[in-house]
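Peer 1: My structure is below; once you've seen it, I'll send some questions.
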Amino acid sequence: MFQLKIDYTTSYRALMYAQECVRGSPEDGYSRLPSYLRLIAEANSGTITALERDSQNRFKYLFLAFRASIAGFQYLRRVIVVDGCHLTGKYEGTLLVATAQDGNFQIFPLAFGIVDSENDHTWEWFFRKLRECFTDEYPLVIVSDRHHSIKKACETVLPWVTRDICYYHLQHNIVTKFKGNHLMYLVKRVAYAYTVHDFNRYMDEIRHIKPDLATHLEEAGIQLWSRVHFPGDRYNIKASNIAESINSALKQARGFPIVFLLEYLRAKLTKWFCIDGWRFNVKGGSHNCVVDLELRKCGCGVYDIEKTPCTHVIAVSDAMHMHLATLLCPTYSKDYLYAAYSHNIYPPSIAMKTDETTQCLPPDVQRKKGRQRKSRWQTWLEISRHKQKKPRKIHKQYSCSKCHQPGHT
């Protein structure tokens, strides 16, 4: 037996070739992008999509906010966390994320954007599109790191919004600039204080131990990082880690072609938003289908028309441990079958006699001359079968599995 060894470069090129065969090239992803966004908008009415290109039709910016996220945000606390992360594909770029948190403290993705880098123009463009996802009739809080472009975009596009900075980014700056690891417990108590009395007490301790650190915290804007002095309602959200968690969840796909990245994102959000237990996306068969058990519909059409579970519905019932009989139309059930034959038909109770009181005559029909035909005219197909010399195929005789008698099943 011979063992074939290949070097790292050859194996890596083979891996890249296999991935391109499955996902297509990065150039194919950009060419399919307009069609993909159109299909997503058609399948999810109310979804906001935007694709901006330059004068040579080259990709610049992309924005995507699903209708499910836009509609669901009105039931959440009005706090949006924004952040960006780098893409690792051939053409690189930056993924911008806007996310919130539901009442169960779970991450709630709101909108996504893909731009070339984080700068004043890209963040302003992203916030203008994000502005379409909510109204300004209620207060809103934006939480982010201390990126200057985010601050400028908020002031330009959303001047009525209260901005808050991430505590952990502030903490990192303190550790790197002041080497104050031993004071971080005091900084955290200052930031998380619920009363002005506690805030002043901890600030006095910091000022006594390290005056330049206290001056830095004051210059950073107490109202931006302090819980008690913050003018808006940010609830328990003190950092941008929920947006960074989204970035981490997408780490596997950040090197995919852009269409595959968006489809990976769409599939993940489909799972996250599946709460009602009625709608399912089934992959396999001739094509992928959406099964709606509440409306008894499936994308293949079989469940809608024949009212019997198709392969996609059977897959859902198996995955959800549902009895298949509950998904059938009631007319296919045993109860309906027995009820259809539950009434009897009786013969006349007395001998049949001519009724002298009423009269019923035969219809006035003129019978044709000659012998009447008692069979219909045969088609050319039936005649050709009769003329064939070899005998017709003898069909298999089926028998009943209950009584084992032929002629019925």
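Taken together, the values in this text are just the output of simple stated rules run on the coordinates, not laboratory data. Worth saying up front: this structure is predicted, and the values here are computed from it rather than measured. Please note: Cβ atoms are built from the backbone with ideal geometry, for glycine as well, and neighbour counts cover all protein chains shown.
Peer 1: Ratio of Rg to Rh for the range 152-200, alpha carbon only, Kirkwood? Before the final figure, lay out each step's value.
Peer 2: Details: Rg = 14.2 Å, Rh = 12.8 Å.
Using only Cα positions, Rg/Rh for the range 152-200 is 1.11.
Peer 1: Now, a different point. Report the one residue of 209, 176, 194 whose Cα lies farthest in the direction of the positive end of the charge dipole of the range 173-228 (charges on C-beta: Lys and Arg +1, Asp and Glu -1; origin at the Cα centre).
Peer 2: Working it through, the farthest residue towards the positive pole turns out to be 176.
Peer 1: Could you give the angle, 0 to 90 degrees to the nearest 10, between helix 120-130's Cα long axis and the longest principal axis of the Cα atoms of the chain?
Peer 2: 40 degrees
Peer 1: Under the 0.36 nm per residue contour assumption, what length would be gained going from the current alpha-carbon distance of residue 160 and residue 340 to full extension? Intermediate results must be reported in sequence, preceding the final value.
Peer 2: Details: separation 180, 0.36 × 180 = 64.80 nm, distance 6.77 nm.
Between residue 160 and residue 340, full extension yields an extra 58.0 nm.
Peer 1: I would also like to ask the following. Of all alpha-carbon pairs in the range 36-160, indicate the percentage at a distance above 19 angstrom. Can you show the working numbers first?
Peer 2: On the way: 3825 of 7750 pairs.
Counting every Cα pair in the range 36-160, those more than 19 Å apart make up 49 percent.
Peer 1: Using alpha carbons only, how many degrees (0 to 90, rounded to 10) separate the axis of helix 8-23 from the longest principal axis of the chain?
Peer 2: 50 degrees
Peer 1: With everything on Cα atoms, drop me the angle between helix 148-157 and the longest principal axis of the chain, reported from 0 to 90° to the nearest 10.
Peer 2: Helix 148-157 and the main axis of the chain meet at about 60 degrees.
Peer 1: Could you calculate the contour length gain from residue 19 to residue 252, that is, 0.36 nm times the residue separation minus the distance between their Cα atoms, to one decimal place in nm? Write down the numbers at each step before the final one.
Peer 2: On the way: separation 233, 0.36 × 233 = 83.88 nm, distance 1.32 nm.
Taking residue 19 through residue 252 to full extension adds about 82.6 nm, to one decimal.
Peer 1: Compute, for the range 59-171, the length of the dipole vector about the Cα centre, with Cβ point charges of +1 (Lys, Arg) and -1 (Asp, Glu) only. Units Debye, rounded to 20.
Peer 2: Working: 12 positive and 13 negative charges, 25 e Å.
Result for the range 59-171 is approximately 120 debye, rounded to the nearest 20.
Peer 1: Let me ask something else. Mind checking which aspartates and glutamates have their C-alpha under 15 Å from residue 5, skipping anything on the same chain fewer than 8 residues away?
Peer 2: Counting by Cα, and skipping residues close in sequence, residue 5 has no aspartates and glutamates nearby.
Peer 1: Considering only 259, 295, 70, whose Cα is most displaced toward the positive end of the charge dipole of the chain, charges sitting on Cβ of Lys, Arg (+1) and Asp, Glu (-1)?
Peer 2: 295
Peer 1: At residue 60 and residue 12, where each label point lies 7 Å from the Cα along Cα→Cβ, what is the point-to-point distance in nanometres?
Peer 2: According to this spin-label approximation, the distance is 3.5 nm.
Peer 1: From the residues 33, 250, 166, which one has its Cα farthest along the dipole of the chain in the positive direction, the dipole being from +1 and -1 charges on Cβ of Lys/Arg and Asp/Glu about the Cα centre?
Peer 2: Comparing the listed Cα positions along the dipole, 33 ranks first.
Peer 1: Averaging sequence separations of C-alpha pairs under 8 Å and six or more residues apart, then dividing by the length of the range 171-277, give the relative contact order as a whole percent.
Peer 2: Working: 57 pairs, mean separation 18.4, N = 107.
Relative contact order of the range 171-277: 17 percent.
Peer 1: Just to confirm the filter: which GluC sites (Glu not before Pro) across the range 25-101 are DSSP coil and have at most 12 other Cβ within 10 angstrom of their Cβ? Mind showing how you got there, number by number?
Peer 2: Details: sites: 27, 42, 52, 92; in loops: 92.
Hits after loop and neighbour filter: 92.
Peer 1: So what are the three principal axis dimensions of the chain from its Cα atoms, in whole Å, longest to shortest?
Peer 2: 123, 74, 53
Peer 1: Here is a further query. Compute the semi-axes of the equivalent ellipsoid of the range 173-228, taking the square root of 5 times each eigenvalue of the Cα gyration tensor, and list them largest first in whole Å. Please list the in-between numbers first.
Peer 2: Details: eigenvalues 56, 28, 21 Å².
Largest first, the range 173-228 gives 17, 12, 10 Å.
Peer 1: Residue 88 to residue 27: FRET efficiency via 1/(1 + (r/R0)^6), r the Cβ-Cβ distance, R0 22 Å, to the nearest 0.05? Write out the running numbers ahead of the final one.
Peer 2: Numbers: r = 17 Å, r/R0 = 0.76.
According to the calculation, E is roughly 0.85.
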